[in-house]
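> Input: one structure, supplied below.
Taken together, the values in this text are just the output of simple stated rules run on the coordinates, not laboratory data. On a predicted model such as this, the values are computed, not experimentally measured, just so you know. Here Cβ is always computed from backbone atoms with ideal geometry, including for glycine, and neighbour counts include all displayed protein chains.
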Amino acid sequence: MVILSLGYNELSGTIPVELGKLTNICLFYLNDNQLIGSIPDELGNLSSVKYFALSGSQLEGEIPLSLGNMSLLKYLYLNDNQFTGRVPHWIGDLNLTRLYLENNPLNCYVLNVLKCCNKSSDNMGPGDCNNDGVVSPKYLT
């Protein structure tokens, strides 16, 4: 098992696109740093990853569609950033055990949240959403 564990290191700047070349990584921890910018599309190449944590930084923009290529993904932590736009449709297609998107100014439709929650555990927290047919997932679990 290959682990990239760089959480809680006060790293700053943008996420290097070269990390997308580390395709054998199973656990990806880059959480609770001071990262800025968007998630590089290249991280969608991490096809072996089961745990992906980018929470607790200052990342922004939309959640890339390329992350939907992580077919083995079980745990997705993108909470406590500045992600905008809609929750991607692929979120509901993954067989996630945990999903955390809270504390981002995301828009999500009830269908995406329900589809994801129905496939996942009781502890899943898709996050608080706003606008456009929003439901707070804390009322769904």
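> Lys50: without any contact (Cβ under 8 Å) to a residue 40 or more places away in the chain, of a type in the set (Lys, Arg) and out of contact with any Lys or Arg (no Cβ under 6 Å at 6 or more places or on another chain), yes or no? Walk me through how you get there before you give the answer.
On the way: without any contact (Cβ under 8 Å) to a residue 40 or more places away in the chain: yes; of a type in the set (Lys, Arg): yes; out of contact with any Lys or Arg (no Cβ under 6 Å at 6 or more places or on another chain): no.
No.
> In segment 45-56, how many residues are crowded, with 19+ Cβ neighbours inside 10 Å and either at positive phi or assigned to a loop (DSSP other than H, G, I, E, B) (or both)?
5
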